[in-house]
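All remarks here apply to the structure that follows.
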Amino acid sequence: MFPVGFVRFATAIEFEWTFVFSPRPRYIRAHSMEDLRYPVGRLQRPETLSDAQRRAAIDVIAAAPSNMRAAVRGLDDAQLDTPYRPEGWTVRQVVHHVPDSHLNAYIRFKWALTEDCPSIKAYDEAAWAKLEDSRTTPVETSLTMLEMLHDRWVRLLRSLSAADYSKKLIHPENGPMTLDGLLATYEWHSRHHAAHVVDLRRRSGWG
């Protein structure tokens with residue numbers, strides 16, 4: 001069962017699990033660690049999108065704040081501090097990671113729109129997740145931050161033309177990327193992390 005208010009993903013998420021409950025969940029057997037890491041599948045990043053694909057991607061990004069809020073609704077601190085998979089981030093770290101990532105994305109869009117194929121800087125997301133604010137801040141802070149950020153970001157995304165989406169930036173790891181490719185990345189990212197939380201709730205019997 002998905003949390004109340006959650007917009008169900010278009011991609012079905014099915015797992016084969018044996019799960020034993022304890023005060024801190026203990027994982028007995030997973031059908032595949034791949035399922036845990038990539039519950040909506042690995043990123044497929046096209047370089048170009050159709051107008052309809054862009055609209056659909058933007059709609060997913062627009063829904064991301066409400067989906068994440070619904071995914072964590074009703075969880076207590078012990079549940080928020082539970083890793084979503086063995087050796088993975090806690091739910092709290094996942095929630096704080098999403099606005100960290102999407103704030104970088106928002107700035108990357110603005111760079112590409114206002115400069116000629118700029119080179120951008122990557123960031124160490126694993127190191128960021130270990131910082132005190134990512135480990136202990138109440139999730140409401142980042143849920144509100146995500147709502148405010150996406151209000152600005154979605155307004156920008158919906159204002160852009162097909163020509164704008166063909167503009168490029170240089171990523172230090174991925175090389176040249178179009179804004180279509182970046183849009184596809186964060187459409188996937190918006191689903192990816194909310195699914196981590198939703199699937200943990202289901203495996204844990206948290207409702």
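Read the figures in this text as sums done on the coordinates, not as results from a lab. Keep in mind it's a predicted model, so treat the numbers as computed, not measured. Using ideal geometry, Cβ is built from the backbone for each residue, glycine included, and neighbour counts are taken over all protein chains shown.
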| task | Name the one entry in Ala162, Ala122, Ala129, Ala78 that is within 15 Å of the chain's Cα centre (by Cα) and in contact (Cβ under 8 Å) with a residue 12 or more places away in the chain. | result | Ala129
| message | Regarding the stretch 62-69, can at least one residue be identified that is part of a helix (DSSP H, G or I), under 30 Å from Leu179 (Cβ atoms) and either without any contact (Cβ under 8 Å) to a residue 60 or more places away in the chain or among the acidic types (Asp, Glu) (or both)? | response | no
| request: Test Val94 against the stated conditions and say whether it is β-branched (Val, Ile, Thr) and closer than 23 Å to Ser204 by Cα. | output: yes
| query | Can you name the number of the only condition in (1) within 24 Å of Gln44 (Cβ to Cβ); (2) out of contact with any Leu (no Cβ under 6 Å at 6 or more places or on another chain); (3) surrounded by fewer than 19 Cβ atoms within 10 Å (Cβ to Cβ) that Thr141 fails? | reply | (1)
| Residue list for the stretch 73-111, restricted to those being farther than 18 Å from His150 by Cα and among the hydrophobic types (A, V, I, L, M, F, W, C) | Leu75, Ala78, Leu80, Trp89, Val91
| note | Being over 17 Å from the mean Cα position of the chain (by Cα) and surrounded by 15 or more Cβ atoms within 10 Å (Cβ to Cβ) narrows His150, His189, His171, His193 down to just His171
